[in-house]
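> Just dropping this structure here.
The values are calculated or read from the model by the stated rules, or taken from the named source; none is laboratory data. Values in this document were obtained by computation on a predicted structure and should not be read as measured data. Cβ sites come from the backbone with ideal geometry, for glycine too, and all protein chains shown count toward neighbours. Accessible surface is based on the protein model in full, side chains and every heavy atom, while ligands, DNA and RNA are left aside. Shrake-Rupley method; radii C 1.70, N 1.55, O 1.52, S 1.80 Å.
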Amino acid sequence: MTLELSGLSKSFNGQTAVDHIDLNVPTGSMYGFLGGNGAGKTTTFRMILGLLQPSEGHITYNGEKIDYNVTNQIGYLPEERGLHPKLKVDEQIRYLGQLKGMSKQEVDKRLDEWLERFEVPENRTKRIEKLSKGNQQKIQLIASIIHDPKLIILDEPFSGLDPVNVEILKNAVKELNSRGATIIFSTHRMEHVEELCESMCILNKGRQVVSGRIDEIRKDFGQKEIIIEGDHDISFLKDMPGVIDMKQIRNRYILKIEDESYAESIFNEIVKLGYFKRFQVNEPSINDIFISKVGYGI
Amino acid sequence: MSKFLATFLQTYSSKIRAKSFIISTLIIVLVIFVGANFDKIIDFFDSSEEVTAVKVEGDEAFYSQFKGTMDALDSGISVEPYEGDLGSAEVHLSIEETAPLAVTLHSDNEIPSEQVNKIETALGQVQRSNTIMALNLSEEEAQRLNATPDISYDIASESGSADDGGSAPGDTPEVNPLNAVVFYVTVIVMFFIIINYASQIGTEVAMEKTSRVIEMIVSSVPPVTHLLAKISAMILVSLTQLFIFLLAIVAAVWIFDFGSIIGDLGLEANEQTATLIVYSGIYLVLGLVLYLSLSAMLGSFISRMEDLQQALLPVTMLALGGFYIAIFNIWGEADNMLVKVSSFFPLFTPFVMPLRAMNAETSQMTLLIGVVILIVSIALAVILAASIYRNSVLSTSGGIFKNLKRIRKE
Ligand SMILES: Nc1ncnc2c1ncn2[C@@H]1O[C@H](COP(=O)(O)OP(=O)(O)OP(=O)(O)O)[C@@H](O)[C@H]1O
Ligand SMILES: [Mg+2]
């Protein structure tokens, strides 16, 4: 019971946008797509939804091809936001809900609940063109999840929102996930993946760089981060074996080491100097993984 | 509810409740009601009063001559000598000169133009016979002066109808006035409905595309279903409007006794009238479907609303072309080459075929071929529109030709 992409490729006029992606999104998981601009995230989503025909490879959901028979179970928030400007919020949601097979009454009931949650109940009968961009985005998110889909695909759901609204949205996404929905979203923000997802993939120029469960990715990655805080000068550590990188922010040092086995010798080295407030070995951040795999940060 | 129905009902109800629909419908209904009361309105503004008597002042001889001529003209106006007073329905004619004739006509009210004509004719006749007398022409000479030329017609006509005698020979076929009215109404209504609804569906499709909501829609419903639902809804909206107009006409006939006006104008059905009405109805609906499908497709090409008018230009121009061909050939030689050829060009067919349906010589076969041509073109247009709709609504590159090129490549 998963969403599976195998050997998925897409090229536009001979230019490859997505290059042989193999993925497995387990049911009920929260899956993050990371990648810079033009990495191929949106193209991949559009292929999953059948909006674009793959040049190669195939996609299955619960073992079957995705077509218009299963779209009622799928919710999609496109990257390019926009609703019909001349319609009122409730008219638009009602229409989009009906396209997902809901009745008017069901839509109205859920719409009230969601508007309440997103703290915009007063917008119900406003024309969409009269709403601010962020508020339009909330309405569009409601439209994409109002039918309680089993698979939710959100293309950069948090972009363009203020921090308060990002929080509200994150909580909504978490709750949908805890109620059993499989959620896939793309983002440029590592911390969102870090906070929300148990699985992820990183795309770079159409290629899939890593994918899988985040804890396993971290383990396989090997590199660790050590944070040392104290009043002694320890810059000599950067020449120790296993140390890849070292940064200093006032009296705090952040070291990257090839794997955890090097941590002990470093520890032994600094205790000779005396007291340190802090010596902490951390899991690698997704940012580190991204930078080391892709070659640059975003 | 099926997805087709969801789109269909949403489009229909939002268009029916749109201000533009309500206002344009009300205006036309008002025009129909005003038109039905046309005669009363003219009466209302017409302050002229029927003249019952002309009171003549001056020359006795002229008086009796004028009276004789007026009576011969059977004008319903009596001629009396002027005695210093003038009733409300009387005019005063004073003679200033007799050779040449110079008179002054005085009236307190406007005189209906018909009656002015009568008086002028009578005065002209008096003047002429006076001149003839003054010239001392013989009886025969006078007759020769008044003789009308003797013209006999020998005009080679294709149909040879000139030899039938009876009706006035000429190159224009006789057009039954009622058929002409039906034809004009059909073609004008068709033109305005096509222009109006073609631009509405173009706007609707383009709005969905440029606002990007289309991506959510086509991820829920197949683009073809969506497009067909939109076109069908739009057709139903236009038919609803036509139906309201029809109701208004029926109501106007019923309330204002419009039928008697039609009778007064001497409009009578002939054997072509039924054919014309049936085919006009069919061509109206088919033409609408064809033009709406094309406009929907053109609307899906653009990426900015500003380009819409430009994208719809071909549709507007073609509709205008068909409209002109139809309107300008009604009084001309029936079924000339232009009419014949253009009636088989799908985009002109809906306009030009009703013109041919008016002509008794056009066979049922021809008219049916027109229907088939339209149905086939509609099928082609819908298939074409549907096949490129999915690609064109998701593309953001501008320009119709760029789009067509790109779509053909994929
Ligand atoms: N319709 C299209 N025609 C041609 N090329 C396209 C089209 N859509 C996408 N591409 C190309 O495919 C590549 C991947 O684009 P895509 O939109 O999937 O990236 P993305 O990961 O979503 O980027 P972003 O973070 O900027 O949204 C880009 O190089 C883009 O130029
Ligand atoms: Mg994208």
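> Restricting attention to region A:1-19, report how many residues are surrounded by 15 or more Cβ atoms within 10 Å (Cβ to Cβ) and more than 9 Å from ligand 1 (Cβ to nearest atom).
The qualifying residues number 7.
> Go through region A:145-159 and report how many residues are within 16 Å of ligand 2 (Cβ to nearest atom) and within 14 Å of another protein chain (Cβ to nearest Cβ).
Total satisfying the criteria: 5.
> From the list A:Val89, A:Val120, A:Val70, which one is touching a strand residue (DSSP E or B) at 6+ places or on another chain (Cβ under 9 Å), more than 16 Å from ligand 1 (Cβ to nearest atom) and under 27 Å from A:Asn171 (Cβ atoms)?
On the way: A:Val120 fails: touching a strand residue (DSSP E or B) at 6+ places or on another chain (Cβ under 9 Å); A:Val70 fails: under 27 Å from A:Asn171 (Cβ atoms).
Result of the check over A:Val89, A:Val120, A:Val70: A:Val89.
> Being open to solvent by less than 10 Å² (accessible area, probe 1.4 Å), in contact with a Gly (Cβ under 6 Å, 6 or more places away or on another chain) and over 18 Å from A:Gly295 (Cα atoms) is the requirement here; does A:Val173 meet it? Before you say what the answer is, go through the steps one by one.
Values: open to solvent by less than 10 Å² (accessible area, probe 1.4 Å): yes; in contact with a Gly (Cβ under 6 Å, 6 or more places away or on another chain): no; over 18 Å from A:Gly295 (Cα atoms): yes.
The answer is no for A:Val173.
> Would you check if there is a residue in region A:75-89 being within 12 Å of chain B (Cβ to nearest Cβ), assigned to a helix (DSSP H, G or I) and surrounded by fewer than 23 Cβ atoms within 10 Å (Cβ to Cβ)?
Looking for residues that are within 12 Å of chain B (Cβ to nearest Cβ), assigned to a helix (DSSP H, G or I) and surrounded by fewer than 23 Cβ atoms within 10 Å (Cβ to Cβ), one finds none in region A:75-89, hence no.
> Residues of region A:20-43 being open to solvent by less than 30 Å² (accessible area, probe 1.4 Å), more than 9 Å from ligand 2 (Cβ to nearest atom) and not aromatic (Phe, Trp, Tyr), which ones?
A:Ile21, A:Leu23, A:Val25, A:Gly28, A:Ser29, A:Met30, A:Gly32, A:Leu34, A:Gly36
> Residue by residue through region A:10-19, note down the ones that are small (Gly, Ala, Ser), more than 14 Å from ligand 2 (Cβ to nearest atom) and in contact (Cβ under 8 Å) with a residue 40 or more places away in the chain.
A:Ser11
> Moving to a separate point now. Look at B:Leu145 and say whether it is out of contact with any Asp or Glu (no Cβ under 9 Å at 6 or more places or on another chain), at pLDDT 80 or above and of a type in the set (A, V, I, L, M).
no
> Here is a further query. Please name all residue pairs, on different chains or six or more residues apart, with Cβ atoms under 8 Å, provided the first residue is in region A:37-60 and is at negative phi and the second residue is more than 10 Å from ligand 1 (Cβ to nearest atom) and in a helix (DSSP H, G or I).
A:Leu49/A:Thr71; A:Leu51/B:Glu215; A:Leu51/B:Val218; A:Leu51/B:Arg390; A:Ile59/A:Ile48
> Take region A:239-298 and flag every residue that is basic (Lys, Arg) and open to solvent by 60 Å² or more (accessible area, probe 1.4 Å).
A:Lys247, A:Arg250, A:Arg252, A:Lys272, A:Lys277, A:Arg278, A:Lys293
> Moving on. When you go through B:Val285, B:Val315 one by one, which is the residue that is surrounded by fewer than 18 Cβ atoms within 10 Å (Cβ to Cβ) and either under 15 Å from B:Val205 (Cβ atoms) or not charged (D, E, K, R) (or both)?
Working: B:Val315 fails: surrounded by fewer than 18 Cβ atoms within 10 Å (Cβ to Cβ).
One residue alone meets the criteria, B:Val285.
> Would you call B:Asn359 at negative phi, assigned to a loop (DSSP other than H, G, I, E, B), at pLDDT below 85 and open to solvent by less than 70 Å² (accessible area, probe 1.4 Å)?
Spelling it out, B:Asn359 is indeed at negative phi, assigned to a loop (DSSP other than H, G, I, E, B), at pLDDT below 85 and open to solvent by less than 70 Å² (accessible area, probe 1.4 Å).
Conditions tested, residue by residue: (1) part of a helix (DSSP H, G or I); (2) surrounded by 13 or more Cβ atoms within 10 Å (Cβ to Cβ); (3) within 14 Å of another protein chain (Cβ to nearest Cβ).
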residue: B:Thr7; (1), (2), (3): yes, yes, yes
residue: B:Thr11; (1), (2), (3): yes, yes, yes
residue: B:Ser14; (1), (2), (3): yes, yes, yes
residue: B:Ser20; (1), (2), (3): yes, no, yes
residue: B:Ile23; (1), (2), (3): yes, no, no
residue: B:Ile27; (1), (2), (3): yes, no, no
residue: B:Ile32; (1), (2), (3): yes, yes, no
residue: B:Gly35; (1), (2), (3): yes, yes, no
residue: B:Ile41; (1), (2), (3): yes, no, no
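> Separate question: Within region A:82-99, can one find any residue that is modelled with pLDDT under 95 and within 16 Å of ligand 2 (Cβ to nearest atom)?
yes
> Does B:Met337 meet the test of being farther than 14 Å from B:Tyr283 by Cβ, open to solvent by 40 Å² or more (accessible area, probe 1.4 Å), in contact with a helix residue (DSSP H, G or I) (Cβ under 7 Å, 6 or more places away or on another chain) and assigned by TED's automatic domain parsing to the domain that holds B:Glu204? Working first, answer last.
Numbers: farther than 14 Å from B:Tyr283 by Cβ: yes; open to solvent by 40 Å² or more (accessible area, probe 1.4 Å): yes; in contact with a helix residue (DSSP H, G or I) (Cβ under 7 Å, 6 or more places away or on another chain): no; assigned by TED's automatic domain parsing to the domain that holds B:Glu204: yes.
So B:Met337 does not fit the description; no.
> So, in region A:194-206, of the ones that are more than 16 Å from ligand 2 (Cβ to nearest atom) and open to solvent by 10 Å² or more (accessible area, probe 1.4 Å), which residue ends up farthest from the other protein chains (Cβ to nearest Cβ)?
Among residues in region A:194-206 that are more than 16 Å from ligand 2 (Cβ to nearest atom) and open to solvent by 10 Å² or more (accessible area, probe 1.4 Å), the one farthest from the other protein chains (Cβ to nearest Cβ) is A:Glu194.
> Between A:Ser132, A:Ser144, which is of a type in the set (Gly, Ala, Ser) and open to solvent by less than 10 Å² (accessible area, probe 1.4 Å)?
A:Ser144
> Can you tell me which residue within region A:92-108, out of those that are at the interface with another protein chain (Cβ under 7 Å from one of its Cβ atoms) and hydrophobic (A, V, I, L, M, F, W, C), is farthest from A:Val173 (Cα to Cα)?
Filtering first and then ranking leaves A:Leu99.
> Hey, can you tell me all the residues within region A:44-67 that are surrounded by fewer than 16 Cβ atoms within 10 Å (Cβ to Cβ), within 16 Å of ligand 1 (Cβ to nearest atom) and not polar (S, T, N, Q)?
A:Glu56
> Could you tell me how many of the residues in region B:103-115 are more than 20 Å from B:Gly68 (Cβ to Cβ) and open to solvent by less than 70 Å² (accessible area, probe 1.4 Å)?
Going through region B:103-115 one residue at a time, the tally reaches 5.
> Regarding B:Leu86, is this residue open to solvent by less than 30 Å² (accessible area, probe 1.4 Å), under 21 Å from B:Glu50 (Cα atoms) and over 40 Å from the mean Cα position of the chain (by Cα)?
no
> Which of the residues that make up region A:1-59 are among the aromatic types (Phe, Trp, Tyr) and over 23 Å from A:Glu191 (Cα atoms)?
The initial filter retains those residues of region A:1-59 that are among the aromatic types (Phe, Trp, Tyr), namely A:12, A:31, A:33, A:45.
Of everything in region A:1-59, just one residue is among the aromatic types (Phe, Trp, Tyr) and over 23 Å from A:Glu191 (Cα atoms), namely A:Phe12.
> Only one residue in B:Ile132, B:Ile214 is at pLDDT 80 or above, out of contact with any strand residue (DSSP E or B) (no Cβ under 9 Å at 6 or more places or on another chain), over 30 Å from B:Leu294 (Cα atoms) and surrounded by 10 or more Cβ atoms within 10 Å (Cβ to Cβ). Which one?
Only one candidate qualifies: B:Ile132.
> Please name all residue pairs, on different chains or six or more residues apart, with Cβ atoms under 7 Å, provided the first residue is in region A:176-193 and is in contact (Cβ under 8 Å) with a residue 60 or more places away in the chain and within 14 Å of chain B (Cβ to nearest Cβ) and the second residue is within 15 Å of ligand 2 (Cβ to nearest atom) and in a strand (DSSP E or B).
Going by the 7 Å Cβ cut-off, the qualifying pairs are A:Ile184/A:Phe33; A:Ile184/A:Ile153.
> Oh, and also: Go through (1) more than 30 Å from B:Trp254 (Cα to Cα); (2) at pLDDT below 80; (3) surrounded by 14 or more Cβ atoms within 10 Å (Cβ to Cβ) for B:Gly76 and report which single condition fails.
Of everything listed in (1) more than 30 Å from B:Trp254 (Cα to Cα); (2) at pLDDT below 80; (3) surrounded by 14 or more Cβ atoms within 10 Å (Cβ to Cβ), B:Gly76 misses just condition (3).
> So in region A:64-74, with the set limited to residues that are of a type outside the set (A, V, I, L, M, F, W, C) and in contact (Cβ under 8 Å) with a residue 60 or more places away in the chain, which one is nearest to the other protein chains (Cβ to nearest Cβ)?
A:Asn72
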